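Input: a single structure, listed below in structure tokens.
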Amino acid sequence: MTVGYFYGIIRANVDNTYVHFLYDFGATGYFLALVINHKSAVQRYKLKKMMPWLVGLTAWPTLLLLAPTQNFLVQLVGLRGHIFFLPFIAVGAMIDDREVRKIALGLAILNCIVLVFALIEVQFGVPLFYPFNAVDQLIYRSTDVAIGGIGTFRIPATFANSAAYGGNMAGSIPLLIGGIVQERRGGWWRRLLYVAVAASAIGVFLCASRSQAASMLIIVLAITVSGRVRNFPRFGWIAMIGFVALVIFSSTRMQRFLTLDNSRFVKTRVEGSVNEGLIKLAAEYPMGNGLGGGGTSMPYFLESQVRHPVEVENEYGRIMLEQGLPGLALWIWFIMWTLTRPLPRRNEAWYLGRWLARVVLGIAFAFATTGTGLLTSIPGTAMVLFYAGWVGVPNVIRVKKRTPARQVPAATALQTA
């Protein structure tokens, strides 16, 4: 996550082809460590529950690599876009409560750091950190935040684009809120988590992505109606909402989400992504247009190598165009299976975090119908698939073996009596 948080700003400022694979190098090293490290009996048990899905979701696109429908390098990039992040499902499945707490505290620190970058960009301009070049075109096209009638940049902080910034801030909320419940009242870590939640919420609205703002509002509503949770600071939560709302409505830059009340805009956006054109593409490409040929983001030096490029603003459409109908069916089956797993028990330490992670998963899978990037976002995809593994397997808690009561000889017991 640390490499992913700063991948965008490093890639923008280092003119080197290999920097595009910076995150891949970091994640590959992490995956190798997962393979080498010894796994406990509990981890092996939980991982066994997810292995059929990991094998299926990996094997099908890998098999498609044998079909020479696209340039081989294009196919490799396309394959990465479908299987590279899948090991994070295993990470979520094997993780225990102690390790989740470490991740939550680490994300709290990272979210506060990237907010500092975001505020500097607001004050001095995005070009201070993102020079205009081939990899930053999306940032320079995103100048639709109206301030005084003049369009200005959305804020990417340290990410590859503003949507990635907002998505990661909203996606980290379950771990931050779940972490607050774990920490003792008045402790420094609890205070840091408070600050991180506020920083994350402000970051969502600074990025000016309406879909991410809608996600954040749904998450806030879910937390508010979550019911009685041990050690959850109700009054502190209400005060935090009030503070963030005050910040948002005092800055015109952070109010782009208000255009969501435009029903015409919402209707146009949905019709542009989920329409009968998708059905026609399914009929034309039942086995896909080849890995990388359906909209997977390509490095600029490979964009011209894609044969018969077809794109659709729908993540499920991208999966269908590259993996065909069998691959799409497999992913939909996995999504439905994950979201219908039994709810966590209320006596679990991370009950609220796991419950909110399911909410975030539902939002991510639903909003994937109106855009692409669910399976290729850095590092947002890692977080989404981590949540899928985390909520997809039961939480197994180690129980210490009870020591049997010391046997007292019958004669001694009689004498004592």
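Tabulated data
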| quantity | calculated |
| --- | --- |
| Filter result for the condition that a residue is under 29 Å from L302 (Cβ atoms), at pLDDT 90 or above, assigned to a helix (DSSP H, G or I) and more than 19 Å from the chain's Cα centre (by Cα), over L73, L57, L32 | L32 |
| Residue in segment 38-46 that is touching a helix residue (DSSP H, G or I) at 6+ places or on another chain (Cβ under 7 Å), more than 29 Å from M298 (Cα to Cα), buried (at least 17 other Cβ atoms within 10 Å of the Cβ) and of a type outside the set (K, R) present | yes |
| When residues of segment 332-350 are limited to those that are touching a Lys or Arg at 6+ places or on another chain (Cβ under 9 Å) and assigned to a helix (DSSP H, G or I), the one surrounded by the most Cβ atoms within 10 Å (Cβ to Cβ) | T338 |
| Pairs with Cβ under 6 Å, 6+ apart, first in segment 19-47 and farther than 25 Å from G8 by Cβ, second at pLDDT below 85 and among the hydrophobic types (A, V, I, L, M, F, W, C) | V42/V396 |
| Flag for Q123 being at pLDDT below 95 and over 30 Å from L321 (Cβ atoms) | yes |
| Selection from segment 1-53 of residues that are among the hydroxyl-bearing types (S, T, Y), under 30 Å from W333 (Cα atoms) and touching a Pro at 6+ places or on another chain (Cβ under 9 Å) | Y23, Y30 |
| Matching residues in segment 117-139 - criterion: being over 17 Å from R253 (Cβ atoms) and in a helix (DSSP H, G or I) | A134, V135, D136, Q137, L138 |
| Test: residue in segment 85-102 that is part of a helix (DSSP H, G or I) and touching a Pro at 6+ places or on another chain (Cβ under 9 Å) | no |
| Subset of segment 1-18 [assigned to a loop (DSSP other than H, G, I, E, B) and of a type in the set (D, E, K, R)] | D15 |
| Condition met for A364 (surrounded by 22 or more Cβ atoms within 10 Å (Cβ to Cβ), under 18 Å from the mean Cα position of the chain (by Cα) and under 20 Å from A93 (Cβ atoms)) | yes |
| Selected residue (criterion: nearest to A283 (Cα to Cα)) from residues of segment 309-331 that are in a helix (DSSP H, G or I) and acidic (D, E) | E322 |
| Verdict on L107 being in contact with a helix residue (DSSP H, G or I) (Cβ under 9 Å, 6 or more places away or on another chain), of a type in the set (A, V, I, L, M, F, W, C), assigned to a helix (DSSP H, G or I) and within 17 Å of R253 (Cα to Cα) | no |
| In segment 281-331, the residues that are among the polar types (S, T, N, Q), in contact with a Leu (Cβ under 8 Å, 6 or more places away or on another chain) and buried (at least 17 other Cβ atoms within 10 Å of the Cβ) | N289, N314, Q323 |
| Breaking point among (1) assigned to a helix (DSSP H, G or I); (2) of a type outside the set (V, I, T); (3) in contact with a Gly (Cβ under 6 Å, 6 or more places away or on another chain), for R44 | (3) |
| Conditions (1) touching a Phe, Trp or Tyr at 6+ places or on another chain (Cβ under 8 Å); (2) farther than 21 Å from I139 by Cβ; (3) crowded, with 17+ Cβ neighbours inside 10 Å; (4) not β-branched (V, I, T): number failed by M254 | (2) |
| In segment 198-212, residue nearest to M240 (Cα to Cα) [restricted to those that are part of a helix (DSSP H, G or I) and without any contact (Cβ under 8 Å) to a residue 60 or more places away in the chain] | A198 |
| Count of segment 314-351 residues which are in contact with a helix residue (DSSP H, G or I) (Cβ under 6 Å, 6 or more places away or on another chain), at pLDDT below 90 and of a type in the set (A, V, I, L, M) | 1 |
| Residues being in contact (Cβ under 8 Å) with a residue 12 or more places away in the chain, surrounded by fewer than 18 Cβ atoms within 10 Å (Cβ to Cβ) and closer than 21 Å to R256 by Cα - total across segment 120-139 | 3 |
| Test for V270: is it of a type in the set (A, V, I, L, M, F, W, C), touching a Gly at 6+ places or on another chain (Cβ under 9 Å) and at pLDDT below 90 | no |
| Within segment 129-159, considering residues that are modelled with pLDDT of 90 or more and aliphatic (A, V, I, L, M), the one farthest from the chain's Cα centre (by Cα) | I155 |
| Positions within segment 60-70 being closer than 10 Å to L291 by Cβ, outside any helix (DSSP H, G or I) and among the aliphatic types (A, V, I, L, M), in sequence order | L65, A67 |
| Unique residue being more than 27 Å from F153 (Cα to Cα) and free of Cβ contacts under 8 Å to residues at least 12 places away in the same chain when the list is R185, R234, R230 | R234 |
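The values are calculated or read from the model by the stated rules, or taken from the named source; none is laboratory data. Keep in mind that what you see is a predicted model, and the values were worked out from it rather than measured. Heads up, the Cβs are rebuilt from the backbone with ideal geometry, glycines too, and the neighbour counts pull from every protein chain shown.
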